[in-house]
Amino acid sequence: MRSSFVGLGLGVLFAMVLVYLLLVINFQSWLDPLVIVMALPWALCGIVWMLFTTQTTFNVPSLMGSIMALGVATANSVLLITFADEQRREGRSALEAALEAGSVRLRPVCMTALAMIIGMLPMALGLGEGGEQNAPPRPAR
């Protein structure tokens, strides 16, 4: 179990570094990908908070869900930063571009997050044939 946790933890860190480097190549900038990757620690805080709130243990299925949530956070950050960059190129200030990106891209961000939530719900609830093996264990009461 420890080796699984260490492997997945190292996998998350390695994935964050690789995603950052890939974004550097894509954006041809060091700063924009840094802003995008800065959303990931906040996503991790939300993951830990929800695990605590639902009294779910930290296990392999929850780590897999965490990796999925980090991917969605990255995708949503890319949506916002790309739109804000376009607005800045059109002559708007950074604040105006950020506010415009937040209001215009709210629906795609919510749709992306909702798609991940709906897709992961059967696994989280342990529905379906043999689904209980992937559902996180419930604490004893």
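Data overview
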quantity: Charged-residue dipole, Cβ positions (Lys, Arg, Asp, Glu), region 1-104 about Cα centre, Debye nearest 20; calculated: 360
quantity: Area accessible to solvent at residue 82, 1.4 Å probe radius, in Å²; calculated: 50
quantity: For the chain, the longest site-free run once GluC sites (Glu not before Pro) in DSSP loop states with at most 11 other Cβ atoms within 10 Å are removed; calculated: 1-89
quantity: Translational D in µm²/s for region 23-116 (Stokes-Einstein at 10 °C, 1.306 mPa s, Kirkwood Rh from C-alpha pairs); calculated: 109
quantity: Per residue, in Å², the accessible surface of region 4-74 once ligands and nucleic acids are set aside, probe 1.4 Å; calculated: 62
quantity: Relative contact order for the chain, counting Cα pairs under 8 Å that sit 6 or more residues apart, in percent; calculated: 23
quantity: Residue (of 102, 16, 26) at the positive-pole extreme of the chain, dipole from beta-carbon charges; calculated: 16
quantity: Carbon + sulfur, % of accessible area of the chain - ligands and nucleic acids excluded, 1.4 Å; calculated: 70
quantity: Those chymotrypsin sites (Phe, Trp or Tyr not before Pro) in region 25-101 that DSSP places in a loop and that have at most 12 other beta carbons within 10 Å; calculated: 30
quantity: Length gained when the stretch residue 52-residue 89 is fully extended (0.36 nm per residue, less Cα-Cα span); calculated: 9.1 nm
quantity: Mean ellipticity per residue at 222 nm, deg cm²/dmol - from DSSP H runs of n ≥ 4 across the chain, formula -39500 (n - 2.57); calculated: -26000 deg cm²/dmol
quantity: Within a Gaussian network of the chain (alpha carbon springs, distance under 10 Å), most fluctuating of 47, 81, 118; calculated: 118
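The values are calculated or read from the model by the stated rules, or taken from the named source; none is laboratory data. Nothing here was measured: the structure is a model prediction, and the numbers come from that model. Note that we place each Cβ from the backbone using ideal geometry, even for glycine, and neighbour counts take in every protein chain shown. For accessibility, only protein heavy atoms count, side chains too; no ligands or nucleic acids. Shrake-Rupley method; radii C 1.70, N 1.55, O 1.52, S 1.80 Å.
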